[in-house]
1. What Rg and what Dmax come out for region 79-208 when only alpha-carbon atoms are used, in angstroms?
2. Excluding Phe207 itself, what net charge comes from residues whose Cβ is under 9 Å from its Cβ, given Lys and Arg +1 and Asp and Glu -1?
3. What is the dipole size for the chain, taken about its Cα centre, with +1 at each Lys and Arg Cβ and -1 at each Asp and Glu Cβ, in debye to the nearest 20?
4. For Val4, Val75, write out the residues from largest to smallest accessible area, computed with a 1.4 angstrom probe and no ligands counted.
5. Ser10's amide H: which non-local residues (gap 5+, or another chain) put their own amide H closer than 5 Å, with H modeled 1.01 Å from N in plane and none for Pro or chain starts?
6. Counting only heavy atoms of the protein chains, get the accessible area per residue of region 1-120 (1.4 Å probe) and round it to a whole Å² value.
7. Once whole DSSP H runs in the chain are found, which of them have Cα atoms spread over 20 Å or more along the helix axis and a mean Kyte-Doolittle score of at least -1.0?
8. In whole Hz, what ³J(HN,Hα) sequence does region 233-239 give by Karplus (6.51, -1.76, 1.60; θ = phi - 60°), x for Gly and Pro?
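The values are calculated or read from the model by the stated rules, or taken from the named source; none is laboratory data. The shown structure was predicted, so the numbers you read here are calculated from the model rather than taken from an experiment. Positions of Cβ are generated from backbone atoms using ideal geometry, with glycine treated the same way; all protein chains shown enter the neighbour counts. Remember, those area values only see protein heavy atoms, side chains included, never the ligands or the DNA or RNA. Shrake-Rupley method; radii C 1.70, N 1.55, O 1.52, S 1.80 Å.
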Amino acid sequence: MAVVNRTPDSFFDRGATYGFDAALAAVDRAVAEGADIVDIGGVKAGPGDEVDVAEELRRVVDLVAAVRDRHPGVVISVDTWRAEVGAAVAEAGADLLNDTWGGPDPELAAVAAAHGVGLVCAHAGGLAPRTRPHRTGYPDVVADVLAHVVAEAERAVALGVPREAVLIDPAHDFGKNTRHSLEITRRLGELAATGWPVLVAVSNKDFIGETLGRAVDKRGVGTTAVLGVSAWLGARVFRVHDVAGARRALAAVRALGAG
């Protein structure tokens, strides 16, 4: 799953794919490098300038339609927590709604069901979108993640989302500190054991940077290590900035498993 953000303030690319043509070119590169899914986002995850529904729609809907026309075989995901945006992008050709904030808009699952598209059910510890945790604590962070994402997944299926189109995501760093994100990674097999396909979005994240003492543009090796461990423990979808590098790392893990 390749990250393509139509945001002027993304933590990683600093707006490099904000322009429509730049975003479309980034999609072309990602597909050429082997991306099966392209995840399009119109709102920066962290705090920043307000992005209302109209602006988010302006950033993502036309891009989804263009990608659908240009790459009919790729799975198009849109990173949004808003039901109104989910409906618009589904009509434009999106296949998957990536609700990284863990369900703050309960109508998003119903939108996915109504349009016959997939849904990513994530965990943010009840944190409001675009806010950072402050002294967050869990008696057992993995137990909290499991309870939330499995309940959200079952709710989505009950609403009519196809079971085979639902994924779960522990959402590293969302409502969590570095210790929590490391613990989730070590115990990722517990999420895989639920039977729901597990998505991991760890690429260049803060928990990797804090663990290694590396700036955001120096976290590639750490990202590759976490991707490899995640794959070995059962993750099946990998949201990344470096598609070609991730493909090589995952091929190595697959070869080890085949042995």
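1. In Å, with Rg to one decimal and Dmax whole: 14.1, 42.
2. 0
3. 920 debye
4. Val75, Val4
5. Correct list: Gly15.
6. That works out to 38 Å² per residue.
7. 53-70, 141-159, 243-258
8. 8, x, 5, 10, 10, 10, 8
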